[in-house]
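Have a look at the structure below, then the notes.
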Amino acid sequence: MKITYKSSKKINPRQILDLYKSINWIKNSERLKTGRSIASAYQNSQIVLSAWDGKKLIGVIRALTDKKVNGVIFGLSIHKDYQKQGIGKKLLDNCMAKYPKIRWYVWAGNSKAEGFYRKSKLKPTKQILFERK
Ligand SMILES: CC(C)(COP(=O)(O)OP(=O)(O)OC[C@H]1O[C@@H](n2cnc3c(N)ncnc32)[C@H](O)[C@@H]1OP(=O)(O)O)[C@@H](O)C(=O)NCCC(=O)NCCS
């Protein structure tokens, strides 16, 4: 199996939905449920990186950044059949390498991946996140 990596916003939203489904993310991604919203969220992100097994999308990451000070990573997800093979780390490293000097944050909906991020030298912050309700 040869995994290839792409830096492109052109990803069929259905493939992203299939990937999200494989990791039970559809409920968490309520606002991104429709293909149109997904396509728009990816189009409006500055960085979109993906991993492929042939034509099958097996991993994505996207990020917003001011390119000088801060960057925020969203939605790192690896298809359930392809986890623990170094693909998540590669996407995360490649994303942060686009702007290696800025401060990178990861938007994480839960702490399940904390061990993964710690291995990549990211730690939980003391900053508080406020959400409009
Ligand atoms: C978390 C996730 C992105 C990790 O991607 P991955 O491709 O499976 O991880 P990698 O194979 O690159 O792992 C890199 C290292 O982290 C470790 N690791 C991976 N997932 C881990 C976890 N959940 N807890 C602790 N360590 C973990 C691996 O064992 C590996 O360690 P090693 O370098 O000592 O071998 C992936 O499992 C995933 O998509 N999970 C579901 C969605 C999710 O939680 N995304 C996070 C966004 S908040």
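Worth pointing out:
- When Leu91, Leu76 are screened for being of a type in the set (A, V, I, L, M, F, W, C) and closer than 15 Å to Ile3 by Cα, only Leu91 passes.
- Taken over segment 94-116, residues that are of a type outside the set (A, V, I, L, M, F, W, C), near the ligand (Cβ under 8 Å from one of its atoms) and assigned to a helix (DSSP H, G or I) amount to 2.
- In this entry, Ile87 is excluded by the filter for residues that are more than 14 Å from Ile47 (Cα to Cα), in contact with a helix residue (DSSP H, G or I) (Cβ under 7 Å, 6 or more places away or on another chain) and crowded, with 17+ Cβ neighbours inside 10 Å.
- Matching residues in segment 61-84 - criterion: being surrounded by 14 or more Cβ atoms within 10 Å (Cβ to Cβ), outside any strand (DSSP E or B) and in contact (Cβ under 8 Å) with a residue 24 or more places away in the chain: His79, Tyr82
- Cβ pairs under 7 Å, 6+ apart, first in segment 97-122 and at positive phi and free of Cβ contacts under 8 Å to residues at least 40 places away in the same chain, second within 11 Å of the ligand (Cβ to nearest atom) and assigned to a loop (DSSP other than H, G, I, E, B): none
- Of all residues in segment 5-59 being more than 12 Å from the ligand (Cβ to nearest atom), over 16 Å from Asp81 (Cα atoms) and among the hydroxyl-bearing types (Ser, Thr, Tyr), the one that is modelled with the lowest pLDDT: Thr34
- Just one of the numbered conditions (1) out of contact with any strand residue (DSSP E or B) (no Cβ under 6 Å at 6 or more places or on another chain); (2) in contact (Cβ under 8 Å) with a residue 12 or more places away in the chain; (3) within 13 Å of the ligand (Cβ to nearest atom) is not true of Leu91: (1).
- Top-ranked residue in segment 117-133 [being polar (S, T, N, Q) and within 19 Å of Thr65 (Cα to Cα); ranked as farthest from the ligand (Cβ to nearest atom)]: Gln127
The values are calculated or read from the model by the stated rules, or taken from the named source; none is laboratory data. Note that this is a predicted model, so its numbers are computed, not measured. Neighbour counts are summed over all protein chains in view; Cβ atoms, including those assigned to glycine, are modelled from backbone coordinates with ideal geometry.
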